[in-house]
Amino acid sequence: MRLPCPLCGARDLREFYYLGSAVYLERPEPGAPIEDWDRYLHLRENPAGITRELWQHQAGCGAWLVVERDTVTHEIIAARLAQEVASDAG
Amino acid sequence: MRVEGKGWVDRARPVSFSFDGRAFTGFDGDTLASALLANDVKLMGRSFKYHRPRGPFTADSAEPNTLMTIGRGARQVPNVRATTQEIYDGLKARSQNAWPSLHWDVLALNDFLSPFLGAGFYYKTFMWPKGFWEKLYEPLIRHAAGLGALSGLPSPDHSERAYAHCDVLVIGAGPAGLMAALTAAEAGTRVILADEAPRPGGRLLSETEEVDGRAGPLWAAAMLDKLKATGQVRYMPRTTVTGAYDSGTFGAVERIADHLSAPPKDLPRNCFWRISAKRTILATGALERPIAFPWNDRPGIMLASALRSYLNRWGVVPGKRIALFTNNDAAHQTAIDLSDVGLDCTVIDSRSDAQAQGEYRLIAGAEVVDTRGRLGLSGITYRRGSRTLMMDCDALGVSGGWTPNVSLTCHMNGRPTWDPDLSAFVPTKNAVSGLEACGAAMGLWSTRAVLRSGQDVACKAVETLNLKAPKLPIPNAAETTGDMIPLWSVNAKGRAWLDLQNDVTTKDVRLAAQENYASVEHMKRYTTQGMATDQGKSSNVLALAVLADATGRGIPETGTTTFRPPYVPVPIEAIGAGASGKGFAPERFTTSHNACKARGAPFIEAGLWYRPSYFPRDGDTTWREACDREVGYVRNAVGIADVSTLGKIDIQGPDAAKLLDFVYTNTFSTLPIGKVRYGLMLREDGHVMDDGTTARLGPQHYVMTTTTAAAGDVMRHLEFITQCLRPAWDVQIISVTEAWAQFAIAGPKARDLLSHIIAEPIDTQALPFMGYQPVRLHGIPSRLFRISFSGELAYEIAVPARYGAALFDDLVSRAETLGGGVYGMEALNVLRLEKGFITHAEIDGRITAQDLGLARMISAKKDCIGKDAALRPGLTKDRFELIGLKPVNALQKIDAGAHLFELNTPHINSNQKGYVTSVGYSPTLRSYIALGFLKEGRNRHGAHVTLLDHMRNMQAEVEICPPAFFDPEGTRVRR
């Protein structure tokens, strides 16, 4: 599997660190209800299909990426810099 | 027997080799199987289960029968197919799975017991008594059945792993592959042409047909010259593509040295390739399939195409009187080729309307129903209508038609498609993204059609890369395909083999169906059909057909089993090349490594780092003496330790302070310039992640230190925060761990030592405890931190790494003049234990700030990572709390990992009240001391509990005390 790093180009899977769902981008406000924190920290969808995940190009440029991929076909649909995604989300 | 004037072996170059101790001669270009057949050796192996005599069944990598062990001792390689092993001078081959000899094998007894040894026999037979399976039955069965064995010795050879990239990967250098490769190369793409054989041509090497008016092998050789002339093609012979993976990645094994008599020392034996291709063209051809008929496994019985290979490619025939059994026209070519060299050949064709295509005897509308010959075929019986007739022959070619070699198209979870016109499975479109099959792999049988399809598929591939392929002329070649009427198995009495290697017969498959293992995947596992080293290449389709018949379903409904990589066996040595011994993980050395090594220090691993454990001296009887001595340096004089392995992260920018306030539980924006502060870092789930000190070097400049173990994690954590959670902050972070060599100078005489080499004043007014100062050390710009991990007056000095080795030597010799010296990790551990300082032995990922007694470090005035989660009820009630422990009998040895129980309670899991994380012997206190966690432990200082280690059989009564054993007021550190 190769991931298309927006800064470095297509790179081998072994250069990347996998964190998990892109839900990690949506950190609750301080003092948010405990249920919100539970959802943020622990509750995850496990779809057969398209997922949004956070990967870091750890052995490369160090950029965190939001990778959209299909767990059924292994197709990589898109990879964006997490910094841009997070900035867009405000 | 060798046939004059036939084959492409080099008769001017004889090659001598041995098989089972007997010397033989073959020719350059022979395989082990062809050379043995040339010497009239047909018996080459024994089957897995019944130990039946076997000879070669194919002439390629699909071979089920002739597995041999090549070489001796540490160099021996088991289960090598004689049909693909090229011979070389001095090659030593041995047969397998036979004792005492291949000709007289005691366990052939199994064959007489075969009525009791059908599919699943051991599930039924060895059920009782229960305990006997593991201890008696399984070892016996394993001994009786088997293949070759590994030597058990480390391999003296080396293999390699390598990566290759191309625009177009062509798999197979037969006519389709050669045509495709040339088309792609002429279009300007970078091509890799990988082929299993030592020379190009594929099936053309085994046939008499001409291409463009030249013999097939010569046309192929000329094509290879053309390919090379383009400068675009990397041709990889002896390379089998073994698997298809995501994103156009393929695994391939290249056999580099296994065909050489004396390979150069620097040549790897195998190379395992990862090939990354934008487009892939599958030109893997087709595999001939047999027909199952009674006693179809004797040496001398082989595929009709294998007979042609041995005759046309190697100039060898396995007998003088040869019969063929077929259901198709294509196999008649074998009879034509044999009669062309004057050999007697009879074709038995199951089709009643079959026509002879040359001067040979044809018996149409007949089937073979029996064979004879113990160690080799001596005759067959065939049935024509109601008549049964016998015939003498010493070789029999079998052909049930051809099956496209679809394996690689199925590695990504794809299934092949049944083509009723071809009576064969063909590749399913887009089963592997970017891959397209052509030629016989697509079910095209005429050479001309194969060549055209190679070009068409290459043109398409090139176009998707936005290039244009030139239209090359299609060479003249045979256009005929011939006719075939499916015949899978002959309905007659007697055992008819499907899977020759695993001894699976048609009866076994029918039994599986009868016992309701009717799904193809269940049948496979119940009978072991297709589970041998050949993965059922010659038997899978037949087994499906027999199962379909037994269950009354069609073949497409029955479906195939799953094709998985690797296509051929790959030595683990090749896949794992470079990943053993020192190659298993990189080693990180500090600048003082050589000096520590010269002092005889044993090293312990900390992540990838190597750190000195202690420094032994002549006369020491145990490591403890060294450790106690080194603790004494620090408590009484001055000790030097290399602490460069701690992570160092440089943080700069207008928002640097904000970042630190967010990462750490405590506040760093208020830290004055020139000061250092201890910080505690949580994970977002509220548990402690790491701790360390951070110094403020300037208004927008901090240097953070992390523990050795968590340096990488913390760096990633900071990058996550700055990129994903706070993308607008203007702050830059970079790891400078390797840029600085850092040494601890600890002990009452630390200031004396440093004042001689540092120009600036470092008295306690100029540089108080937890202060930072840039200094010049021997004139070198350096960083001096007054921090302590031992509770003594201590400094850490950081110099650019290139000065590390020199400074270490200087510091140690100065410390020695002052009555101190270098200390290792053992002493460092005891020193921190005496002070109750924590390491990752304590912060093991389940521990909170509150557990450590550091809840007050979570600032109420600001948000930080992990703050909300740390305050949830699950992490604040009924916790294990950090405590110190010392045995009532001070010299009683205790160990980390032990459990804590109340005195006089049964030592069962539900009574467990705590555990021990770190233990050391304190020479300062003349007692063992420990840190651990205990339920509500902070309220119980002074109480006694039982320390128990079931593993090491250790029990002690211990007193609970505060974690800081020595100088709890911290007066020494401020001196």
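What to note about this one:
- B:Ala695 meets the conditions (1) away from chain A (no Cβ under 14 Å); (2) farther than 19 Å from B:Gly674 by Cα in every case but one. The failed one is (2).
- Only listed residue being within 24 Å of B:Leu260 (Cα to Cα), surrounded by fewer than 24 Cβ atoms within 10 Å (Cβ to Cβ) and among the charged types (D, E, K, R), chosen from B:Arg199, B:Arg190: B:Arg199
- The residue that is farthest from the chain's Cα centre (by Cα), among those in region B:575-623 that are more than 19 Å from B:Gly804 (Cα to Cα) and in a helix (DSSP H, G or I), is B:Trp623.
- Unique match (being at pLDDT 95 or above and either assigned to a helix (DSSP H, G or I) or under 30 Å from the mean Cα position of the chain (by Cα) (or both)) among B:Asp89, B:Asp60: B:Asp60
Residues checked against (1) touching a Pro at 6+ places or on another chain (Cβ under 6 Å); (2) farther than 19 Å from B:Val80 by Cα; (3) not in a loop (DSSP other than H, G, I, E, B):
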| site | (1), (2), (3) |
| --- | --- |
| B:Asp534 | yes, no, no |
| B:Lys537 | no, no, no |
| B:Ala545 | no, yes, yes |
| B:Arg553 | no, yes, no |
| B:Glu557 | no, yes, yes |
| B:Pro569 | no, no, no |
| B:Glu573 | no, no, yes |
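- Single residue of region B:250-282 satisfying the filter (among the charged types (D, E, K, R) and free of Cβ contacts under 8 Å to residues at least 24 places away in the same chain) that is surrounded by the most Cβ atoms within 10 Å (Cβ to Cβ): B:Arg255
- Residue identified as under 23 Å from B:Thr381 (Cβ atoms), surrounded by 19 or more Cβ atoms within 10 Å (Cβ to Cβ) and not charged (D, E, K, R) among B:Ala492, B:Ala496: B:Ala496
- The strands (runs of 3 or more DSSP E) found wholly in region B:412-518 and carrying at least 3 residues that are among the hydrophobic types (A, V, I, L, M, F, W, C) occupy B:424-426.
- For region B:935-949, the criterion of a residue being free of Cβ contacts under 8 Å to residues at least 24 places away in the same chain, in a strand (DSSP E or B) and not aliphatic (A, V, I, L, M) is satisfied by no position.
- Of all residues in region B:649-700, those that are in contact with a helix residue (DSSP H, G or I) (Cβ under 7 Å, 6 or more places away or on another chain) and of a type in the set (Asp, Glu) total 3.
- Residues within region B:790-813 that are surrounded by fewer than 20 Cβ atoms within 10 Å (Cβ to Cβ) and in contact with a Leu (Cβ under 9 Å, 6 or more places away or on another chain), tallied: 1
- Qualifying residues in region A:3-32 (those that are surrounded by 12 or more Cβ atoms within 10 Å (Cβ to Cβ), in contact (Cβ under 8 Å) with a residue 40 or more places away in the chain and in a helix (DSSP H, G or I)) - the one farthest from the other protein chains (Cβ to nearest Cβ): A:Glu15
- Condition check for B:Val170 on (1) touching a helix residue (DSSP H, G or I) at 6+ places or on another chain (Cβ under 6 Å); (2) assigned to a helix (DSSP H, G or I): one failure, at (2).
- Verdict on B:Lys867 being surrounded by fewer than 18 Cβ atoms within 10 Å (Cβ to Cβ), within 14 Å of chain A (Cβ to nearest Cβ) and either within 30 Å of B:Leu660 (Cβ to Cβ) or aromatic (Phe, Trp, Tyr) (or both): no
- When restricted to residues that are away from chain B (no Cβ under 12 Å) and over 12 Å from the mean Cα position of the chain (by Cα), region A:72-90 contains 1.
- Options B:Ala849, B:Ala841, B:Ala860: the member that is under 30 Å from B:Gly639 (Cα atoms), among the small types (Gly, Ala, Ser) and either assigned to a loop (DSSP other than H, G, I, E, B) or away from chain A (no Cβ under 14 Å) (or both): B:Ala841
- Filter pass, B:Asp60 being under 21 Å from B:Gly300 (Cβ atoms) and touching a His at 6+ places or on another chain (Cβ under 7 Å): no
- Matching residues in region B:677-727 - criterion: being in a helix (DSSP H, G or I) and of a type in the set (A, V, I, L, M, F, W, C): B:Ala711, B:Val714, B:Met715, B:Leu718, B:Phe720, B:Ile721, B:Cys724, B:Leu725
The values are calculated or read from the model by the stated rules, or taken from the named source; none is laboratory data. Note that this is a predicted model, so its numbers are computed, not measured. Glycine also receives a Cβ, built like all others from the backbone with ideal geometry; neighbour counts cover every protein chain displayed.
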